[in-house]
Structures are given as C-alpha cells and as structure tokens.
Amino acid sequence: MNHDPAGQGAQASAAPGAALLAFEQWCEALNRDYALGCARPRGIAFASGISMGEVGGLRVADVSMSPQTLRPHCRQRAEEDVLMVKMIAEGEAVFERDGEQRRLGAGGLIIVDPAQPFQEHVPAHARLLVVNAPKAALRERGYRYRLNRWLAPDITSPDVRLVQDMIRLIAAHGPALNPEMRTRLGCQLLDLMDVILREDDSAATAATRLRVKHYIAQNLHDATLDAARIAAAVNLSVGHLHKLFAGEDMSLMRFVWNRRLDAAREMLGAPRWRALRIEAIAWRCGFISPAHFSRLFKARFGVSPRALRPAS
C-alpha cells in the first residue's frame, strides 16, 4: 500500500520492507504503537512508513520519516509503558525539552521516555531504528526503567557500539528468523540495555556489571550460586558486588532467582525441551525443590509451570 497524499513524487524512500502511509494512517500508527502525536510542515510532500517486528517481547521498527515534528501524548497505559531507544540510521533528528536541544546525526543514539514531555523534530528525510523496551522487563532485570529526561549514550564507547550493531542486525534479519531465535535475540538485547541506560556510571563500571550478569546467566544451573561464589568468579569483593546492584529495584540474589525463572519459562515453551519433565527443568535452572520452583514460578508469572507446557 503506497500513498502520496500531497500528489507529489516522494523524495524519500520507505524503510526496507515498509509501505509508505498516508498522513492520517501515519498519525494513527504513531498514536497506537508509540503514544506519539505528529505535526508536519506545510507545503512539503509527506512520505513516511514503518516496518515493525516483534522480537522476544520487544518491538523493533525500521522507520522512514519525511520532515515532521513528534510529541508524546504522555498517557501510555501500564501494559504499553516502554522506553524508546532511537538510533539514527540516515539523516538527523533534533530532540528538545525545557529549552535544551540535542541534535543527532547518522549513528546517534538516544533513549526517551514517552511518559515525559519532549519534542522530536526531523528537518529532512531521515531513517530511524526504534526499539520499544517494556519498562516491566527492564525493572525485572534490575535496570533503570524511568527517565526524567532523555539519555544520549557515548557512541564512541565499544560497549555502546555493540548495542548499536545488535539493533541493526535485529532490524535487518529479525522478521525472517524463527520464533525461538527471535525470543533469544530479544532477551539478549534486553540484557544489553543496562549498557546504554547507565548515564552516571563509568564505562568500566558498566562493563563490570555486564560481566557479572553474564557469569550469572552462564551458571544458573548451579544451585549453590550465591554472592560469595559470584564475587570469587569475577574477582570482586562481596561488598563491591552488592554495591553494583545498590540503588536498583532488586537485590543481587533476587536478580539471580528472576533469571532462573526466565530460563525455566523459555525451556517450558521450547519444543526441544518437551521431553524433559518439569522437575528436570527446575533442576537445570538451579532449583533444588520442585515445590519451591512451582511456588516461585506462579508468584512471578501468575500461572503454574504445567500451564505453560505446550499440549503434546
């Protein structure tokens, strides 16, 4: 479906896989998917489109935009509450709040909270990659999930560049991947969000935290995993390890238990683990008591482990 409501040839092409939308359709899509309103300059041909896909609970979109200005409605429902990670693939965009401006060119990266007022102005054709990260998923991981202002990570940081590369790869290949692979990629991208949400941490601190969380992810099966074992494995003191998690919404061990439950939920829904008994999955994820596993699982997800098992 292609539209040129101004009756003029569009100078901008749509993002790969995206159909250009009429202005009214564009406004409807922005309102529905991003709680954003749109205003465009008069007398300019409108040519914008979105190619969007679901990747493990994340919405990843390749967006082509002609000149326009966006503002959030600041009225997202709880189930839609997200942070938006915007990466400029082509062109530029200007973000403004309370008189402060941030102009980003190609390669620029910014995180905005649609629950807070801001203005996004695209002066000429631009292409953006946009990731909607659910605040609930960020909160469960102990990451920052509310912003009073935008964050613009240092794109010269190798860690930030890795996140950018992953967003590019997911946007390019995500729709063609099988559901299990999309789920894994979405979880990995969520795990990396901590790198770009840490405005006040040094790169070294962010890298250390990522190293700790990677070790935890690789050793969830170990029922003896505790703060002392983790600290010894990553060459930190127990006090420093707890300090890395200070100020977040959950303790170190709550983070460990939540990741175990996440891993168990993924295994319960994956066809390749269907032959495993639920008790065996619990043990593989570090639970020594099936009853304890079931109780924590239902408290976290609202259903029993058996209820998530695909029918044979």
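State all residues of the stretch 82-95 that are farther than 22 Å from GLN188 by Cα and either small (Gly, Ala, Ser) or at pLDDT below 90 (or both); if no residue qualifies, say none.
We begin by selecting, within the stretch 82-95, every residue farther than 22 Å from GLN188 by Cα; these are 90-95.
Scanning the stretch 82-95 gives GLY91, ALA93.
Mind checking which residues of the stretch 145-187 are acidic (Asp, Glu), modelled with pLDDT of 85 or more and within 25 Å of GLU120 (Cα to Cα)?
Hit for the stretch 145-187 is ASP165, nothing else.
List, please: which pairs have Cβ atoms under 9 Å, are six or more places apart or on different chains, and start with a residue in the stretch 124-136 that is assigned by TED's automatic domain parsing to the domain that holds ARG168 and farther than 10 Å from VAL82 by Cβ and end with one that is of a type in the set (Asp, Glu) and assigned to a loop (DSSP other than H, G, I, E, B)?
Listed by first residue and then by second, the contacts come to ALA124/GLU92; ALA126/GLU92.
Would the stretch 179-196 turn up any residue that is outside any helix (DSSP H, G or I) and either free of Cβ contacts under 8 Å to residues at least 60 places away in the same chain or under 21 Å from HIS292 (Cβ atoms) (or both)?
no
Scanning the stretch 188-226 for residues that are more than 22 Å from VAL85 (Cα to Cα) and crowded, with 17+ Cβ neighbours inside 10 Å, which turns out modelled with the lowest pLDDT?
The selected residue is THR208.
Pull out all pairs, ordered by first then second residue, where Cβ-Cβ is under 6 Å, the residues are six or more apart or on different chains, the first lies in the stretch 50-62 and is over 17 Å from LEU128 (Cα atoms), and the second is modelled with pLDDT under 85 and in a strand (DSSP E or B).
Note: no pairs meet the criteria.
Could we say that ILE230 is outside the structural domain of PRO153 (by TED's automatic domain parsing), within 18 Å of the chain's Cα centre (by Cα) and β-branched (Val, Ile, Thr) here? So that I can check it myself, show each step before the final result.
Values: outside the structural domain of PRO153 (by TED's automatic domain parsing): yes; within 18 Å of the chain's Cα centre (by Cα): no; β-branched (Val, Ile, Thr): yes.
It is false that ILE230 is outside the structural domain of PRO153 (by TED's automatic domain parsing), within 18 Å of the chain's Cα centre (by Cα) and β-branched (Val, Ile, Thr).
Does LEU236 satisfy being farther than 25 Å from VAL55 by Cβ and free of Cβ contacts under 8 Å to residues at least 40 places away in the same chain?
Yes.
Sort through GLU54, GLU79 and tell me the only one that's closer than 21 Å to LEU169 by Cα, modelled with pLDDT under 90, touching a helix residue (DSSP H, G or I) at 6+ places or on another chain (Cβ under 9 Å) and surrounded by fewer than 19 Cβ atoms within 10 Å (Cβ to Cβ).
Only one candidate qualifies: GLU54.
Does any residue of the stretch 109-119 turn out to be in contact (Cβ under 8 Å) with a residue 60 or more places away in the chain, under 23 Å from ASP62 (Cβ atoms) and not aliphatic (A, V, I, L, M)? Break it down into steps so the answer makes sense when it comes.
First pass over the stretch 109-119, keeping only residues in contact (Cβ under 8 Å) with a residue 60 or more places away in the chain: 109, 111, 114.
If we keep only those that are under 23 Å from ASP62 (Cβ atoms) as well, we get 109, 111, 114.
Subset that is not aliphatic (A, V, I, L, M): 114.
Yes, the stretch 109-119 has at least one match.
Quick one: which residue in GLN68, GLN25, GLN8 is at pLDDT below 90 and among the polar types (S, T, N, Q)?
After ruling out the rest, the residue left standing is GLN8.
Anything in the stretch 232-275 that is in contact with a helix residue (DSSP H, G or I) (Cβ under 9 Å, 6 or more places away or on another chain) and either under 16 Å from ALA206 (Cα atoms) or β-branched (Val, Ile, Thr) (or both)? List them, or say none.
The answer is VAL234, LEU236, VAL238, HIS240, LEU241, HIS242, LEU244, PHE245, GLU248, LEU252, VAL256.
For the stretch 230-273: of the residues being over 25 Å from ALA299 (Cβ atoms) and among the basic types (Lys, Arg), which is surrounded by the most Cβ atoms within 10 Å (Cβ to Cβ)?
By that ranking, first place goes to LYS243.
I'd like the residue in the stretch 274-312 that is touching a residue at least 24 places away in the same chain (Cβ under 8 Å) and among the aliphatic types (A, V, I, L, M) and, out of all such residues, is surrounded by the fewest Cβ atoms within 10 Å (Cβ to Cβ).
Per the stated criteria, the residue is ILE288.
The values are calculated or read from the model by the stated rules, or taken from the named source; none is laboratory data. Computed from a predicted structure; not experimentally measured. Cβ coordinates were reconstructed from backbone atoms using ideal geometry, including for glycine residues, and neighbour counts include every protein chain displayed.
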